[in-house]
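Trainee: Handing you a structure now.
The values are calculated or read from the model by the stated rules, or taken from the named source; none is laboratory data. The model shown is predicted, which means the values in this text are computed figures rather than measured ones. All Cβ positions, glycine included, derive from the backbone under ideal geometry; neighbour counts span all protein chains shown. Keep in mind that these areas ignore ligands, DNA and RNA; they rest on the heavy atoms of the full protein, side chains included. Shrake-Rupley method; radii C 1.70, N 1.55, O 1.52, S 1.80 Å.
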Amino acid sequence: GPSEEFSITVSPTAQVEQVDDIVVCDGINVEEIQFNSTNANTIYSWSIDTAIGLDPLTGTGNIPLFEADNATNDPIVATVSVTPSNNETDPSLACEGSSMEFTITVNPTAQVDPIASLDLCNGDNAIVDFTTSNGGVDSVTSYSWEVTGDDIGIPLLGNDNINLTVTNETDADLVATVTVTPTYTNDGVDCTGPSEEFSITVSPTAQVEQVDDIVVC
């Protein structure tokens, strides 16, 4: 009898190229994350397990630009899972492939704890150890500082803690303002935070004028 024909279409296993892990600072825009495949007609479904400023936490296609958000003192690590499928023209026949995962780490804003002002005498040591509430296993917070106002005998710029001798050769108090800026470093990414200010007041060495000897009856 007459023949009949039909076709068998075999789609390849869906595939998505690996995306490198991303590390950003709080408040920084994360550019659109584009997914690619060696296959044609691939669609992508993705989900994020932790809130980092992207809403909603699931979607299809590329991940759109968003502003990274981390209101804590520690890094937030979100895992992104991407599942590829092909045959976009007929979703009922789509073939899913293995999921691909990568992470987006949002570092916190760098922070330095408030510093009490210092009242010192000429020749004293100004000792200031900066501290922070920021955390993270492999993170570090560094500090840079700048001195403005009166000259109290210490450098105008410096890094990390202060342990310097102050001077005042005048006959009045000298007041310098120190501005400290913290930088939080995690996974090779530096995040700068708001500065803190404190003052160092240096009093001159106390002095009394000589009084002539007195002889009386």
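Trainee: Would you work out what percent of the accessible area of segment 85-178, with all protein chains in place, is carbon or sulfur (probe 1.4 Å)? Mind dumping the intermediate values first?
Mentor: Numbers: 2460 of 5150 Å².
Result for segment 85-178: 48 percent of the exposed heavy-atom area is carbon or sulfur.
Trainee: Tally Lys and Arg at +1 and Asp and Glu at -1 over the other residues with C-beta under 11 Å from the C-beta of N62: what net charge comes out?
Mentor: On the way: positive: none; negative: E31, E32.
Summing Lys/Arg as +1 and Asp/Glu as -1 gives -2.
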